[in-house]
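Asks: So that we are looking at the same thing, I have put the structure below in structure tokens.
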Amino acid sequence: MNKPQVQSDALRLAEKNIKVVDNYLNPDETVVGFGYGGSESLTLFLQKPGSKKFVRKVLSERLITPKWGRSGSDVMLPPCQKAKSQTQYLMTLPDSVKPFFPKVLNTTEREQKLTEDNETTVYEYIYDMDFIPGIEVSQFVRKYQPSKEIVAALYYIIFRLLNEKIHSHRRREPLGSTLEQSYFKKIEARLALSQNTAPKTFGNDLLKSEEIMINGKRMRNVPHLLRELRNNPAYQDILEPKFHSLVMGDTNTENIKIGNIEPLLREYQISL
């Protein structure tokens with residue numbers, strides 16, 4: 001089996017002791033591949049006799065590099081609890097929206113001892129989903145290098161689908177301003193979490209300076225930008241959502257698949 005070129009921390013830690021993977025398999029299941037990332041999860045592609053390939057995501061404190069507090073909340077929400085929230089999100093989607101998302105097949109929540117003679121326990125959250133075939137949008141662009149017009153058309157279709165099929169559900173007007181709680185403070189909290197996890201990488205020179213150099217160009221840094229956004233009513237009027245709705249939490253194109261690329265390849269004469 002070919003190993004992925006990019007591996008998650010969970011996969012690297014599991015590969016140091018391949019028997020770790022056996023802890024998450026049933027006797028009739030075979031590993032047919034690994035996922036690259038997945039929010040700090042060990043992502044397994046599995047198959048068993050007479051069934052289609054499916055996905056198992058394993059969130060385990062033994063496989064997570066940073067030390068998360070189990071009682072964390074908001075941006076400090078530990079990966080296991082975050083995964084639990086994600087499965088609840090998927091299982092409570094409106095019926096008309098569910099076909100656009102993976103289906104949760106089952107979930108397991110447990111604590112396990114690290115070794116038989118060690119009292120240390122780890123918390124784990126495991127869930128299975130159906131496997132969605134196709135190619136990720138970002139992978140399609142990277143592999144076939146379509147024109148900028150095709151890429152723009154793909155984004156247009158994605159945003160139109162989100163607006164019409166997903167963002168149209170559970171709409172409500174916010175009771176008050178949401179920028180500070182939902183955006184500005186979260187940015188600061190995420191940067192603080194990064195600094196606590198990797199202080200040498202995320203030092204004050206990077207996070208606290210007023211300006212930052214990116215590809216040789218001097219840019220305003222986060223503290224400068226947040227101060228301007230907080231102090232300028234015109235910016236806040238533009239940024240403040242007019243309504244809240246059901247959203248797809250992570251709309252990057254590695255989470256969106258194209259089921260059939262042949263019409264694209266044929267229509268725009270992209271060579272295989």
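The values are calculated or read from the model by the stated rules, or taken from the named source; none is laboratory data. On a predicted model such as this, the values are computed, not experimentally measured, just so you know. With ideal geometry, Cβ positions are generated from the backbone for all residues, glycine too; neighbour counts draw on all protein chains shown. Ligands, DNA and RNA are stripped out before the accessible areas are found, and what is left, the full protein with its side chains, is counted by its heavy atoms. Shrake-Rupley method; radii C 1.70, N 1.55, O 1.52, S 1.80 Å.
Asks: Mind listing whichever residues of the range 171-196 are in contact (Cβ under 8 Å) with a residue 60 or more places away in the chain and not in a helix (DSSP H, G or I)?
Replies: Residues satisfying the conditions are Arg171, Arg172, Glu173, Pro174, Ser177, Thr178.
Asks: Take the residues in the range 86-111 that are among the β-branched types (Val, Ile, Thr) and open to solvent by 60 Å² or more (accessible area, probe 1.4 Å), then tell me which one is farthest from Ile166 (Cα to Cα).
Replies: Thr107
Asks: Output the number of the condition that Leu105 fails; it satisfies all remaining conditions of (1) over 20 Å from the mean Cα position of the chain (by Cα); (2) closer than 30 Å to Leu63 by Cβ.
Replies: So Leu105 meets the others, but not (1).
Asks: Which of the residues spanning the range 95-114 are within 22 Å of Glu40 (Cα to Cα) and assigned to a loop (DSSP other than H, G, I, E, B)?
Replies: Within the range 95-114, Phe101, Pro102, Lys103, Leu114 qualify.
Asks: If you don't mind, there's one more thing I want to ask. If you take the residues of the range 218-255 that are among the β-branched types (Val, Ile, Thr) and touching a Leu at 6+ places or on another chain (Cβ under 9 Å), which of them is nearest to Tyr183 (Cα to Cα)?
Replies: Looking at residues that are among the β-branched types (Val, Ile, Thr) and touching a Leu at 6+ places or on another chain (Cβ under 9 Å), I get Val222.
Asks: When you look at Pro199, is it outside any helix (DSSP H, G or I), open to solvent by 60 Å² or more (accessible area, probe 1.4 Å) and either of a type outside the set (Ser, Thr, Tyr) or at pLDDT below 90 (or both), yes or no?
Replies: In short, yes.
Yes/no matrix, rows are residues, columns are (1) over 29 Å from Pro79 (Cβ atoms); (2) open to solvent by 90 Å² or more (accessible area, probe 1.4 Å); (3) out of contact with any Pro (no Cβ under 7 Å at 6 or more places or on another chain):
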site	(1), (2), (3)
Thr121	no, no, yes
Tyr125	no, no, yes
Val137	no, no, yes
Glu149	yes, yes, yes
Ala152	yes, no, yes
His169	no, no, no
Lys186	no, no, yes
